[in-house]
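The values are calculated or read from the model by the stated rules, or taken from the named source; none is laboratory data. The shown structure was predicted, so the numbers you read here are calculated from the model rather than taken from an experiment. Cβ sites come from the backbone with ideal geometry, for glycine too, and all protein chains shown count toward neighbours. All accessible areas refer to the heavy atoms of the entire protein, side chains included, with ligands and DNA or RNA removed. Shrake-Rupley method; radii C 1.70, N 1.55, O 1.52, S 1.80 Å.
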Amino acid sequence: MRLQNVSFAEQAAGLRRRLVQLKWLLPGMVLQMTAAGLLLPILPGFAADHLGLSQPQYSLMLILGGAGAMLFLVPMGKLADRWGHKQMLFAGFVSLTVVLALLIVSMPPPALTMLFAFMLGLSYSAVLPAWNAVLSYLVPEDQKGTGWGVLSGIEGLGIMIGPVIGGWITSQYTNAAAISLSAALLAVLALFYLILPQNKLVSAGGTLQHKREKAHGPDRGS
């Protein structure tokens, strides 16, 4: 297979067009990474001080959260393809918000905390496949490396900002305050994806239904 030579000017023009398409997704890209980044510096302290977990229990909580995500990534990805990426993003961010809020207000016993950790992982598995699918529609076919690099760089802004804000809030207030801000950002994201029109999230040419109809003709029975 021969690679197509694309000039730098053509690459820049293509990426500029993609960034214009991203204007509706930029808030979500930065906010969701900021919400995740907020948790990084304060999660061990929150687990010890607020939830009363020992170090082994904290390690188990992380394992269960990871297991909840890993076990459900494929099923949630299939559901996103059938149900719709917008709907899965909304459902996933609502679930993350609710579980974080429960951790903050209830101070659950360790056994229930482990269940909440598993539910957090499960909720994340609803978001990740749908989000990656949406981003994949915006990556130029002939510039995948550059395109994903740009998208990763934008998301990296949130990862940089989140720990700084989380650390500052914890130093001024409490670990629970930083977790509360993370939950609030996730709630804003859920509302954002609820009201965002479908055609602003993924163009008609990027939907699986459109591709099926283009290949086989519209389904007259639907």
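Which ones in the range 101-116 are in a helix (DSSP H, G or I), more than 17 Å from residue 91 (Cα to Cα) and not aliphatic (A, V, I, L, M)?
Of everything in the range 101-116, those that are in a helix (DSSP H, G or I), more than 17 Å from residue 91 (Cα to Cα) and not aliphatic (A, V, I, L, M) turn out to be 106, 110, 113.
Has the range 210-219 got at least one residue that is modelled with pLDDT under 90, part of a helix (DSSP H, G or I) and touching a helix residue (DSSP H, G or I) at 6+ places or on another chain (Cβ under 6 Å)?
Checking the range 210-219: at least one residue is modelled with pLDDT under 90, part of a helix (DSSP H, G or I) and touching a helix residue (DSSP H, G or I) at 6+ places or on another chain (Cβ under 6 Å).
Among the residues of the range 65-83, are any modelled with pLDDT under 90 and part of a loop (DSSP other than H, G, I, E, B)?
No, the range 65-83 contains no residue that is modelled with pLDDT under 90 and part of a loop (DSSP other than H, G, I, E, B).
Pick out the one residue from 134, 127, 99 that is closer than 16 Å to residue 189 by Cβ, open to solvent by less than 40 Å² (accessible area, probe 1.4 Å), without any contact (Cβ under 8 Å) to a residue 40 or more places away in the chain and in contact with a helix residue (DSSP H, G or I) (Cβ under 7 Å, 6 or more places away or on another chain).
Step by step, each of 134, 127, 99 is checked, and only 99 is closer than 16 Å to residue 189 by Cβ, open to solvent by less than 40 Å² (accessible area, probe 1.4 Å), without any contact (Cβ under 8 Å) to a residue 40 or more places away in the chain and in contact with a helix residue (DSSP H, G or I) (Cβ under 7 Å, 6 or more places away or on another chain).
Counting just the residues of the range 35-55 that are within 16 Å of residue 162 (Cβ to Cβ) and open to solvent by 10 Å² or more (accessible area, probe 1.4 Å), which one comes out nearest to the chain's Cα centre (by Cα)?
36
Within the range 117-135, identify whether any single residue is not in a helix (DSSP H, G or I) and not hydrophobic (A, V, I, L, M, F, W, C), and answer yes or no.
No, the conditions are met nowhere in the range 117-135.
Going through 113, 146 one at a time, which residue ends up being in contact with a Leu (Cβ under 7 Å, 6 or more places away or on another chain), polar (S, T, N, Q) and modelled with pLDDT of 90 or more?
The unique qualifying residue is 113.
Across the range 156-169, which residue is nearest to residue 133 (Cα to Cα) among those that are open to solvent by 40 Å² or more (accessible area, probe 1.4 Å) and among the β-branched types (Val, Ile, Thr)?
159
Does residue 38 satisfy the criteria of being among the hydrophobic types (A, V, I, L, M, F, W, C), under 30 Å from residue 197 (Cβ atoms) and at pLDDT 85 or above?
For residue 38, the condition - among the hydrophobic types (A, V, I, L, M, F, W, C), under 30 Å from residue 197 (Cβ atoms) and at pLDDT 85 or above - is met.
Give all pairs with beta carbons closer than 9 Å in which a residue from the range 31-57 that is outside any helix (DSSP H, G or I) meets a residue that is surrounded by fewer than 21 Cβ atoms within 10 Å (Cβ to Cβ) and aromatic (Phe, Trp, Tyr); count only pairs at least 6 apart in sequence or on separate chains.
Between residues of the range 31-57 that are outside any helix (DSSP H, G or I) and residues that are surrounded by fewer than 21 Cβ atoms within 10 Å (Cβ to Cβ) and aromatic (Phe, Trp, Tyr), the close pairs are 51/58.
Would you point out the residue of the range 139-155, among those that are open to solvent by less than 20 Å² (accessible area, probe 1.4 Å) and not β-branched (Val, Ile, Thr), that is nearest to the chain's Cα centre (by Cα)?
Once the filter is applied, the top-ranked residue is 151.
Within the range 162-182, is there a residue that is closer than 27 Å to residue 88 by Cβ, of a type in the set (Ser, Thr, Tyr) and in a helix (DSSP H, G or I)?
yes
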